[in-house]
1. Which residue pairs have Cβ atoms under 6 Å apart, sit 6 or more places apart or on different chains, and have a first residue in the range B:123-151 that is more than 19 Å from B:H235 (Cα to Cα) and more than 9 Å from chain A (Cβ to nearest Cβ) and a second that is modelled with pLDDT under 90 and open to solvent by 20 Å² or more (accessible area, probe 1.4 Å)?
2. Quick one: which of A:E264, A:E334 is crowded, with 16+ Cβ neighbours inside 10 Å, within 14 Å of another protein chain (Cβ to nearest Cβ) and in contact (Cβ under 8 Å) with a residue 40 or more places away in the chain?
3. Under 6 Å between Cβ atoms, at least 6 apart or on separate chains: pull out the pairs that start in the range B:83-108 with a residue that is within 13 Å of chain A (Cβ to nearest Cβ) and over 16 Å from B:K149 (Cβ atoms) and end on any residue that is open to solvent by 20 Å² or more (accessible area, probe 1.4 Å) and part of a helix (DSSP H, G or I).
4. Could you check B:F176 against (1) touching a Pro at 6+ places or on another chain (Cβ under 9 Å); (2) at pLDDT 95 or above; (3) not in a strand (DSSP E or B) and say which number it fails?
5. Where residues in the range B:109-119 are facing chain A (nearest Cβ under 8 Å) and assigned to a strand (DSSP E or B), which of them is least open to solvent (accessible area, probe 1.4 Å)?
6. Does the range B:123-146 include one or more residues that are β-branched (V, I, T) and either part of a helix (DSSP H, G or I) or surrounded by fewer than 19 Cβ atoms within 10 Å (Cβ to Cβ) (or both)?
7. Tell me which residues, restricted to the range A:267-290, are among the aliphatic types (A, V, I, L, M), open to solvent by 20 Å² or more (accessible area, probe 1.4 Å) and more than 8 Å from chain B (Cβ to nearest Cβ).
8. Just one of the numbered conditions (1) within 14 Å of another protein chain (Cβ to nearest Cβ); (2) of a type outside the set (S, T, Y); (3) under 27 Å from A:L299 (Cα atoms) is not true of A:W363; which one?
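The values are calculated or read from the model by the stated rules, or taken from the named source; none is laboratory data. Bear in mind the structure is a predicted one, so any value in this text is a computation, not a measurement. When we count neighbours, we look across all protein chains shown, and the Cβ atoms used for this are built from the backbone with ideal geometry, even at glycine. Protein only, heavy atoms only, side chains kept; ligands, DNA and RNA dropped before computing areas. Shrake-Rupley method; radii C 1.70, N 1.55, O 1.52, S 1.80 Å.
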Amino acid sequence: MIKPKLTVMAALVAASFSSQAEVELGGSTSFEGRYFLQDAAYPGQPRTQASIAIEPEAYTEWNDGQDSLLFKPFARLDNQDDERTHWDVRELQWLHVADEWETRVGIGKVFWGQTESLHLVDIINQTDMVEQVDGEDKLGQPMVNFTTYGDWGTASAYILPYFRERTFPGVDGRLRPPLPIVSDRAQYESDAEQNHIDFALRYQNSFGDYEVGLSYFNGTTREPELSVAQEEITDPYIFPYYAQIQQFGLDMLKVQGSWLLKFEGIYREGQSEDFLAAVAGFERTAVGVLGTTHDLGFLMEYQYDERENNFFATGQNDLMAGVRWSFNDIDGTEVLAGFVQDLDESATYNAFVEASSRITDNWRWKVDAYLFSSDDETDTFYYMRRDDHLQVTLEYFF
Amino acid sequence: MQYLKRINSWFLLVAVALAMPAFADEKSEKQGLKIAKERKDRDRGWQNSVAEITMILRNASGQEATREMRVDTLEMEEDGDKALTVFDSPRDVSGTAFLSFSHAMEPDEQWIYLPAIKRVKRIASRNKSGPFMSSEFAFEDMTSFEVEKFKYDFLREDTYQGDKVFVIEQIPQDEFSGYSKQIVWIDQKHYRVRKVDFFDKKGDELKTLEFEEYESYEVDGTTFWRPQRSYMYNHQTGKSTELVTENLKFKQDLDESDFDKNSLRRAR
């Protein structure tokens, strides 16, 4: 007697689940090839590199859309670099929305800030450094987030119970310093290490032509300091050190006709030196240039950082100039090209071109090129001076 | 005396001839404005709406591409309307959301949400003449009609597809508009826009927009008309865009909190 009852119940549960909670599936997969234009600076590094990546996505909502669940894992398989072969949960998040507040619980992604060439204020998510050299890919961050909003703006509080370490290319990969960075030997200021509970606050609002954001972060720095382990003379390596920091951030944007004026500034305490860093600039877009339907946007940003020697603080006194060219065609063709010049060292610069377009409704191609130059041995780009590369990606959306 | 009389009447004739256009202008401007106000008045009180829209892009050689989107719109009584557009296709832009606040006199405010990087970006709203999602519709064609946006002139009465229409000219008051003028066909019975001719900054004919398959909707006892099909043809490039509205519903319990940056971040 129990058996049929169970079957009926199971059927009912399945029926109610499928009728009320429809699961949307989607995502993308990509095929990528990299070609390095110069011989490697360090032995064992490859000239070419190929990989595939997949990022599926499952989404369901219930309660009239007030509750939703999103699951977005990610995996990459690289034929050269074991460290670049990795997987991550980009998002696994329950979102509950009420009239004047919302909560997000799980693993999520948060972006803060306004500028294009640097994302100083953006601190919640760890950078996935093996993905792209531009640092725009992020690892999923476990969080409990509460956000409330009204006419007075939006206020968010975050409790971040687990720390994600930055990923680094392995010895068999390019875009790395001469010594291997050994993530497993990471050191922490806090005894709790990755289990230190961080927290963050943010207020954000629009005032007519202005967008203003104020933020505060207290916890483990996302940007480690790199040190060489001296005791291992035969097999030296670099280890990341994660200090406890406080960071105050301000980001602003002003719309002024066709101009967007942007600013981000931070003050951070707790690492080997307390410092200020800022980036300010503009973007101006001209629509319908030269009688076409193309848009041409000009970007310029000045980067300032008080730190003298930090592997990740490349913008100490640098100027970025760029062009964003949108074809406005059916294929959605776009090209972004930029140049970042160090104003102290004329030989230190990097340049990039990121172009993409649609082939069909499901396929898209991307061609990215990154060039680095430096003759200053203490500079980050010095390690990558021979890592100029061309990257071709075919992306399929399902 | 006879001579003086003749001069007098001749002078009168000249004076009248000179005064006529000015006199007619003022009158036709008033009449044009009256029609525009009536058009707006007949479209007040619909509160809010949700719709699914298919956009069909065609280039001069007949190549076609379709885009799916959902549009939520909130009527603002003392201001331009608010709209949230979420794209479902093509797949690579799926989840991209676009929020716009139209204003009558000030520049519009616009934000775009890019789901891949979770980033809300403000858009410089002076770029209103740019194409909306690669279509022949410009951003300014997608924003709500507000009387103060134009200066009007009544041109003539006419018939359009068997219906009596007013033909009026409207000149954008915003110097950043991509148009020098628009000629608008409005039917006399319901004050629905049936056709618009757009002229570029040089004064050349640029685009023609036709609204078809009007259907009526009842909201709190008032009738509102919405076209099920909008067809925009670009005379200079031979490209065209068709918007097909599906599942249009009014009074969907939307309020201003559904049209802020938080709503943009959770739109999907």
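1. Between residues of the range B:123-151 that are more than 19 Å from B:H235 (Cα to Cα) and more than 9 Å from chain A (Cβ to nearest Cβ) and residues that are modelled with pLDDT under 90 and open to solvent by 20 Å² or more (accessible area, probe 1.4 Å), the close pairs are B:E146/B:A104; B:E148/B:A104; B:E148/B:M105.
2. A:E264
3. B:F87/B:V93
4. Result: B:F176 fails condition (2) only.
5. Once the filter is applied, the top-ranked residue is B:R119.
6. Among the residues of the range B:123-146, not one is β-branched (V, I, T) and either part of a helix (DSSP H, G or I) or surrounded by fewer than 19 Cβ atoms within 10 Å (Cβ to Cβ) (or both), which makes the answer no.
7. Residues satisfying the conditions are A:L276, A:A278, A:A280, A:A286, A:V289, A:L290.
8. With respect to (1) within 14 Å of another protein chain (Cβ to nearest Cβ); (2) of a type outside the set (S, T, Y); (3) under 27 Å from A:L299 (Cα atoms), A:W363 is out only on (3).
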